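The values are calculated or read from the model by the stated rules, or taken from the named source; none is laboratory data. None of these values were measured; they are calculated from a predicted model. For neighbour counting, all protein chains shown are included, and Cβ atoms are generated from backbone atoms with ideal geometry for every residue, glycine included. The protein model used for the area step is the full one, side chains on, heavy atoms only, and it has no ligands, DNA or RNA in it. Shrake-Rupley method; radii C 1.70, N 1.55, O 1.52, S 1.80 Å.
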Amino acid sequence: MRKYIVAGNWKMNTTVAEGVELAKAVAAKAQDLPANVQLVVAPPFTHLVSVAEALKGSKVALSAQNCADHEKGAYTGEVAVNMLVDAGCQYTILGHSERRQYYGETDEKLVVKTKLALAAGLKVILCVGENLDEREAGKHFDVVTEQTKAVLYELSAEELKSIVVAYEPVWAIGTGKTATAAQAEEIHACIRTVIAEKFGLEAADDMTILYGGSCKPSNAKELFAEKDIDGGLIGGAALKADDFIAIAASF
Ligand code: 13P
């Protein structure tokens, strides 16, 4: 059974107090959403424990934005998967384009991180997506196919069940430029086919595939109406509880 998810990636925004307030507002409004829509919020590491507390008893799940590629030890500045679980996370985002672009996140590293996260019991929101040059060169299907295969084809069928894929075209992130519903749908369908080729039709059909990139209340309905778009990974609009909830109410 495919699950619908709307996840808020807060990126490097908010103080702890602001984050707790935002989480509480989201949790309060989440009560009225349909039961088949899962909300997730992904605050910065420093906020996780406090936001977990704020979300207690609500329908909103907690996610990290990244994790370390080692279990523990002398890795200054890193946060291990067990620490995320201990802090109250059920999910972690991995492979966000900002991490690929600014912090040298490679597919090889993402395989390691994904396996560690899954072994710790976390679900992984794996981000894929082409940049503007790649789209203009007509390489978007190839890039997304390669990124998807690079990580998912290293997993077992059982591990795959704890993966959510997020398609985020880099040129649409924070730019106000959204992919059209048709542009997003054709990539989502491609991702589902790539999954089906290795894991079979049923596993591919069960996969939740999110769209991310300037998704907002005014365009969410059209995007979510596509048959292969199962929700969103939201940046800017996730920082306002009303907008975030309005997106989730667009199904
Ligand atoms: P925006 O919604 O701000 O474009 O960000 C999308 C994103 O990168 C979510 O991870």
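Laid out as a table, the results:
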read-out	value
Dipole moment magnitude, nearest 20 debye, the range 1-140 about Cα centre, only Lys, Arg, Asp, Glu C-beta charged	480
Probe 1.4 Å, all protein chains present, accessible-area order of 118, 94, largest first	118, 94
Net charge of Cβ neighbours under 10 Å - reference residue 9; Lys, Arg +1; Asp, Glu -1	-1
Estimated inter-spin distance, residue 203 and residue 3, nm [label 7 Å along Cα→Cβ]	1.8
Relative packing of 52-63, 152-163, which averages over residues the other C-beta atoms within 10 Å, highest first	52-63, 152-163
Peptide ranges 30-40, 227-237 listed from the most packed, as the mean C-beta count within 10 angstrom indicates	227-237, 30-40
Candidate residues 46, 145: accessible-area rank, largest first, probe 1.4 Å	46, 145
Beta bridges by DSSP in the range 70-206, antiparallel share as percent, to the nearest 5	0
Accessible surface of the range 126-179, 1.4 Å probe, proportion on carbon and sulfur as whole %	48
Cα Rg over Rh - the range 139-230, Kirkwood	0.97
Computed over the range 1-160: relative contact order in percent, which uses C-alpha pairs under 8 Å that are six or more apart	17
Span from the the range 182-209 Cα centroid across to the the range 25-97 one, whole angstrom	25
Probe 1.4 Å, accessible area per residue of the range 1-101, Å²	49
Rg in Å to one decimal, and Dmax rounded to a whole Å, for the chain via C-alpha atoms	16.7, 48
Solution diffusion estimate, µm²/s, Stokes-Einstein, the range 186-251, Kirkwood Rh from C-alpha pairs, 10 °C, viscosity 1.306 mPa s	127
Kirkwood-type radius of the range 1-77, with distances r between different C-alpha atoms, in Å	13.5
Normalised convex hull volume, the range 61-121, alpha-carbon set, Å³ per residue	80
Accessible area expressed per residue, the range 126-251, with surrounding protein chains retained (probe 1.4 Å, Å²)	41
Over the chain: helical MRE at 222 nm, DSSP H runs n ≥ 4 each giving -39500 (n - 2.57), nearest 500	-13000 deg cm²/dmol
Integer Hz, Karplus 6.51/-1.76/1.60 couplings in order for the range 131-138, x for Gly and Pro	8, 4, 4, 5, 5, 5, 7, x
